[in-house]
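J.: Supplied in structure tokens, the structure appears directly below.
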Amino acid sequence: MLATDMQIDEIEAWLRQDDPQRLTELWRAADALRSEYVGDEVHMRGLIEISNHCVRSCAYCGLRAENAGLPRYRMKIEEILDCARQTEEAGFGTVVMQAGEDYGITRSWMTEVIRRIKRETSLAVTLSLGERPREDLEAWREAGAARYLLRFETSDAKLYAKIHPPLEPGEPDRFERIRWLQELGYEAGGGVMIGIPGQSYAALARDIELFREMDLDMIGVGPYVANPDTPLGCGKMDALKLPDGEQVSADETTSCRMIALTRIVRPDANIPATSALAAISTQTGRRHGLERGANVVMPNFTPAKYREMYHLYPGETGRRVFTPPSREDLAEFLASIGRRIGEGHGGRRQVQADVSGCA
Ligand code: SAH
């Protein structure tokens, strides 16, 4: 049964389901819950990739510190403000500022960026800046940031340790950091990559169970895309791969099974049709994501001169569909699948309303 309280063995069976008729049932159940709980509006988040500097050594990500061939940039406040204004002019309610884990982005500088966006626009502010100290998260929340995205990437702790080495031994893990975000009153976002070498169906089913237990407001799931400039993507770590039948594949259908099951266990969450899904499936990725449980899209507003350098993984060609982001094209695309662009901030809890003087 496709119920919100479905058990982990059932979740795993659905993740492995190949029968076209059963899959149609899965898509229909997810789409019906999406429609019932979050409606036909698709919320647009203007994405600004504000820096590609990074201190981390994540084995999957092109921004990793060891990637010496990648030219680095950090946007200036005025450039960020320009992109935020473009997001607002397009009629979108939220700006997402994402970056590598860059301590050149200081607590005070980021506080100023958030304050100015809150003062000069009507946008909700979402951050995705990695594993920052709690004091930074606190200051940015007080400055008016309403939401924070921090995927836990996989619930398999052993695999996670191999692909996401800690900066310092014993540092708080991403689960603890997501709890901090919730305590600080952020809408908290988590999520995982799908098809990481070494990721089993059982681990993926556990990810979904955790989405339910953690009461996440936003859940981003997208396919892992091999980046040849990284240890995980260049073949060096191929020994991690599991035998056929156990290793999760990073394809469109598996990604959609994840989106659909995520919607079923967390019917009122905000779930994006991710850029990674659009990248591996340029023709149908975004549409299928939206038809099988997703209700959010993140059009990219990063200036063209920086976009090439924000290189998490290759082939981010799916973005072309939305670049430059044209409200008309998006509205037309959504109308073709019976949906429309969302109005307002599009939060799950509208937490920004309780930040005094910042809304
Ligand atoms: N530094 C921040 C935000 C940037 S990375 C952070 O780590 O949270 C944003 C997301 O991109 C990551 O959480 C990861 O899930 C995804 N990502 C990174 N490399 C990827 C790859 N090779 N394939 C697919 N997704 C990737």
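The values are calculated or read from the model by the stated rules, or taken from the named source; none is laboratory data. Predicted, not measured: the structure shown is a model, and the values here were computed from it. Because the Cβ atoms are built from the backbone with ideal geometry, glycine has one as well, and the counts that use them run over all protein chains shown. Ligands, DNA and RNA are excluded from the accessible area calculation, which covers all protein heavy atoms including side chains. Shrake-Rupley method; radii C 1.70, N 1.55, O 1.52, S 1.80 Å.
J.: Could you please find all residues in segment 237-272 being within 14 Å of the ligand (Cβ to nearest atom) and either on the phi > 0 side of the Ramachandran plot or assigned to a loop (DSSP other than H, G, I, E, B) (or both)?
T.: Met237, Val248, Ser249, Ala250, Asp251
J.: Go through segment 32-77 and count every residue that is assigned to a strand (DSSP E or B), of a type in the set (Asp, Glu) and away from the ligand (no atom under 16 Å from the Cβ).
T.: 1
J.: Still on this structure, I have one more. Please name all residue pairs, on different chains or six or more residues apart, with Cβ atoms under 7 Å, provided the first residue is in segment 168-184 and is free of Cβ contacts under 8 Å to residues at least 40 places away in the same chain and the second residue is of a type outside the set (Phe, Trp, Tyr).
T.: Between residues of segment 168-184 that are free of Cβ contacts under 8 Å to residues at least 40 places away in the same chain and residues that are of a type outside the set (Phe, Trp, Tyr), the close pairs are Ile178/Leu150; Ile178/Ala188; Ile178/Gly190; Ile178/Met214; Gln182/Ala188.
J.: Also, I was wondering about something else. I'd like to check something: does segment 224-236 contain any residue that is away from the ligand (no atom under 12 Å from the Cβ) and either under 19 Å from the mean Cα position of the chain (by Cα) or among the basic types (Lys, Arg) (or both)?
T.: Yes, the conditions are met somewhere in segment 224-236.
J.: Which of the residues belonging to segment 188-229 are of a type outside the set (A, V, I, L, M) and in contact with a Gly (Cβ under 6 Å, 6 or more places away or on another chain)?
T.: Within segment 188-229, Gly191, Gly220, Pro223, Tyr224, Asn227, Asp229 meet the criteria.
J.: Let me ask something additional. Tell me, which residue of segment 277-323 that is among the polar types (S, T, N, Q) and open to solvent by 30 Å² or more (accessible area, probe 1.4 Å) is modelled with the highest pLDDT?
T.: Out of the qualifying residues, it is Thr284.
J.: Quick one: is Ile219 in a strand (DSSP E or B) and of a type in the set (Val, Ile, Thr)?
T.: The answer is yes for Ile219.
J.: Based on this model, can you work out whether Ile259 counts as aliphatic (A, V, I, L, M), within 28 Å of Gln182 (Cβ to Cβ), buried (at least 18 other Cβ atoms within 10 Å of the Cβ) and in contact with a Phe, Trp or Tyr (Cβ under 9 Å, 6 or more places away or on another chain)?
T.: Taking the combined requirement at face value, the residue does not satisfy it.
J.: Working only within segment 52-65, note down all residues that are open to solvent by 10 Å² or more (accessible area, probe 1.4 Å), over 16 Å from the mean Cα position of the chain (by Cα) and closer than 15 Å to Lys236 by Cα.
T.: Ser57, Cys58
J.: What are the residue pairs meeting all of these: first residue in segment 94-121, first residue touching a residue at least 60 places away in the same chain (Cβ under 8 Å) and more than 16 Å from the ligand (Cβ to nearest atom), second residue assigned to a loop (DSSP other than H, G, I, E, B) and open to solvent by 40 Å² or more (accessible area, probe 1.4 Å), Cβ atoms under 7 Å, and 6 or more apart or on different chains?
T.: Thr94/His345
J.: Hey, can you tell me all the residues within segment 6-31 that are assigned to a loop (DSSP other than H, G, I, E, B) and in contact with a helix residue (DSSP H, G or I) (Cβ under 8 Å, 6 or more places away or on another chain)?
T.: Passing the criteria: Met6, Gln17.
J.: I would also like to ask the following. What number of residues in segment 152-172 are among the charged types (D, E, K, R), within 24 Å of Thr106 (Cβ to Cβ) and open to solvent by 60 Å² or more (accessible area, probe 1.4 Å)?
T.: 1
J.: A further question follows. Tell me, yes or no, whether segment 73-87 has at least one residue that is open to solvent by less than 30 Å² (accessible area, probe 1.4 Å), under 20 Å from the mean Cα position of the chain (by Cα) and more than 30 Å from Arg116 (Cα to Cα).
T.: No - not one qualifying residue is present in segment 73-87.
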